[in-house]
1. Quick one: if you stick a label point 7 Å off each Cα along the C-beta vector at Ala100 and Ser62, how many nm between them?
2. Hey, got the dipole for segment 33-157? About the Cα centre, +1 on K and R Cβ, -1 on D and E Cβ, debye to the nearest 20?
3. Along segment 120-133, what does the Karplus equation 6.51 cos²θ - 1.76 cosθ + 1.60 (θ = phi - 60°) give for ³J(HN,Hα), rounded to whole Hz, x for Gly and Pro?
4. Return the distance in nm (one decimal) between the two label points of a simple spin-label model at Val107 and Leu182, each offset 7 Å from Cα along Cα→Cβ.
5. What order, most packed first, do the peptides 141-149, 126-134 have when packing is the mean number of other Cβ atoms within 10 Å of each residue?
6. Taking the chain as the reference, fit the longest principal axis to its C-alpha atoms, fit the long axis of helix 214-226 to the helix C-alpha atoms, and give the angle between the two in degrees, 0 to 90, nearest 10.
7. Counting pairs of alpha carbon atoms under 8 Å apart in space and at least six apart in sequence, what relative contact order in percent does the chain give?
8. Please pull out the direction-averaged projected area of the chain, using the convex hull of its alpha-carbon atoms, in nm² to one decimal place.
Amino acid sequence: MTAAERGAASIWLRPERSAVGRPAQWSRAEITQIALRIADAEGLDAVSMRRVAAELGTGAASLYRYVLTREDLLDLMTDATGAEWEPAPPTGDWLADLTAFGEQARVIFRRHRWLAGLTMTRPVIGPNGIALIEHFLTLLQEHPAGLEAKMEAFAMLNGITAAFALHEQADHGLQARNLAYLGHALTSGQHPRLAAFLTPQAQLPHPEEPADRYPDLIARVLTGLLGPA
């Protein structure tokens, strides 16, 4: 395999480390854990090949023997978080099982605040991701929907959950300003259909205490995609 071919192939289809040079000092898992620690503490922008190498006490050139690019490192980090799920066996209530699956994702997104954005912009499938898909399909093994619909449901569950996680991270000050302007717009008389959304008795939600509609919303989406069992 040429250098170009190695770079184009998934990192999990490449050797753990370069075949030349000194014996391996680290594993990909160890390198990934250092990158995760940096991202959790300082954000994704702080993760660089040079910074990770410095944490290992070596130069960036040594790190390239294990990971060719920063993008490879990001892929390893994303997939590593998939190991944090605690798969539960099917209960017989597929919708409750999938909602619980999504709730676990929300916990992991809160733990790694950088993860939701990376999931949306750089989706990746690695060993842990494959295991999660297999578990998701196991939860739906008795559901009559076709495999294509089930895979669509998996993608939508991930996307909506990541979007919820990003919303939770939004600046409360910005949310307050948006809600204030919305209230102004609704009283202008220029947007009757939007104004009809709120009854005279209704109130705009407090930006710091949003109603958690995740279970209800995800249930409607999944039911719409998969249909009744």
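Read-outs: derived from the displayed coordinates by stated rules, not from any lab. Values in this document were obtained by computation on a predicted structure and should not be read as measured data. Reconstructed Cβ throughout: ideal geometry from the backbone, glycine too, with neighbour counts over all protein chains shown.
1. Each label point is offset 7 Å from its Cα along the Cβ direction, giving 4.5 nm.
2. Working: 11 positive and 17 negative charges, 124 e Å.
Here the size comes out at about 600 debye.
3. 6, 9, 9, x, 9, 10, x, x, 5, x, 4, 5, 5, 4
4. Each label point is offset 7 Å from its Cα along the Cβ direction, giving 3.0 nm.
5. Numbers: 141-149: 11.8, 126-134: 15.3.
Answer by packing, highest mean first, reads 126-134, 141-149.
6. Approximately 80 degrees, to the nearest ten.
7. Details: 159 pairs, mean separation 44.0, N = 229.
Relative contact order comes out at 19 percent.
8. Working: hull surface 68.2 nm².
Averaged projected hull area, Cα only: 17.0 nm².
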